[in-house]
Amino acid sequence: MKKIITCLLATLGLTTACGKQNFENADVKGFSALIEDSGVVLLDVRTAAEYAEGHIEGAVLIDQGQRDFIEKVKAAIPVEKKIAVYCRSGRRSANAANRLAAESYQCVNLQGGILVWKEAGMPVTAETYEVDVFKTKSGKTMKFHALVHASIRIQYDGKEIEIDPVAKLGKKTIDYAAMPKADYLLVTHEHFDHFNQEAIKMLSGEKTRFITNKRCADMYGSGEVMANGDKIQIADDFTIEAVPAYNTTEGHTQFHPKGRDNGYVLTIDGLRIYIAGDTEDIPEMEAIKDIDIAFLPCNQPYTMTTEQLVRAAKIIKPKVLFPYHYGQTDLSGVPAQLQSDGIDVRIRHYE
């Protein structure tokens, strides 16, 4: 019987693990066939920089070098899912596969990594932004793409959600024409680094719902208007709340006056996401509860200082914090300041 199983694995390009290894290895042919199965999760365990240079299409990025690697995998991938894992040369992915096997995951490692994949002429795709993956209450996958500054792309259950899309900012250009049309497009306020009519037009289709504040709807000539305090039911598993976003520091209040702009709280299949927009650490944050993922801005004079960011995070207490809209602000000290609060601070390319 053992010989039969070994022969079957060899036919697929798979080999059983030896010694203490508790995973399978696959050559390019076997790995390619495996990831055609929609029930298999493709996992890239390299760094974000390596992923951006080129990766296998559809791969979820979770860096095995991060200390919370296992926790992130558990949050993103159900244990009953088979994982096809790869890295640059196959060594890091073998290590990751062994660690995941100890957590009862069934893993298949690409021998030789993406290097042999490329040598075999297999396709790779490149992105200039990181992707973070979360699991909703019912086990569905939600992906957050860090595009630029305050522009966030969210994928959930076949739906595309775009936040403050901007086609060009400084030297960074986002090719929205290459992305699917948005199902839901949210804009917080009228400033050029949040409200970009070119990007909105590229992302808009027949079924797109454009949701924004009154100023942006008037400027664009259409849109569903939400004011601070409004709440709408988008779908059975999706609600949007518009919350205040404004400046309080003397001499800065003209940038974002109280009552004009929106922040948003999205509740999607039990996962609560706070997208603050351009704001300081305002009193209304006390009412923002049970947040899983928060996006908080950090660049004075327009939004918060790092001290205000830390203070806001301690008020909101999100499980995961993405500082965004931070320009040249040095955020290196923020994770340590929030470590004792149990907040997972993830710094992505939201300059």
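The values are calculated or read from the model by the stated rules, or taken from the named source; none is laboratory data. Bear in mind that the values here come from a model prediction, so they are computed numbers and not experimental data. FYI the Cβ positions are ideal-geometry reconstructions off the backbone, even for glycines, and counts take in every protein chain you see.
Miscellaneous remarks
- In the range 51-70, residue modelled with the highest pLDDT [restricted to those that are small (Gly, Ala, Ser) and within 16 Å of the chain's Cα centre (by Cα)]: 59
- Taken over the range 215-238, residues that are touching a residue at least 12 places away in the same chain (Cβ under 8 Å) and assigned to a loop (DSSP other than H, G, I, E, B) amount to 8.
- The lone exception for residue 96 - which of (1) surrounded by 17 or more Cβ atoms within 10 Å (Cβ to Cβ); (2) in contact with a Ser or Thr (Cβ under 8 Å, 6 or more places away or on another chain) it fails: (2)
- Number of positions in the range 225-277 that are among the acidic types (Asp, Glu) and over 26 Å from residue 311 (Cβ atoms): 4
- Among the criteria (1) surrounded by fewer than 16 Cβ atoms within 10 Å (Cβ to Cβ); (2) outside any helix (DSSP H, G or I), the one residue 190 does not fulfil is (1).
- Test: residue in the range 193-203 that is free of Cβ contacts under 8 Å to residues at least 12 places away in the same chain, over 19 Å from residue 237 (Cβ atoms) and either in a strand (DSSP E or B) or outside the structural domain of residue 258 (by TED's automatic domain parsing) (or both): no
- Scope the range 56-80; condition part of a loop (DSSP other than H, G, I, E, B) and more than 17 Å from residue 143 (Cα to Cα); matching residues: 64, 65, 66, 67, 68, 79, 80
- Test: residue 316 is surrounded by fewer than 15 Cβ atoms within 10 Å (Cβ to Cβ), under 21 Å from residue 152 (Cα atoms) and free of Cβ contacts under 8 Å to residues at least 60 places away in the same chain: no
- All conditions in (1) at pLDDT 95 or above; (2) out of contact with any helix residue (DSSP H, G or I) (no Cβ under 7 Å at 6 or more places or on another chain); (3) farther than 21 Å from residue 130 by Cα hold for residue 107, with the sole exception of (2).
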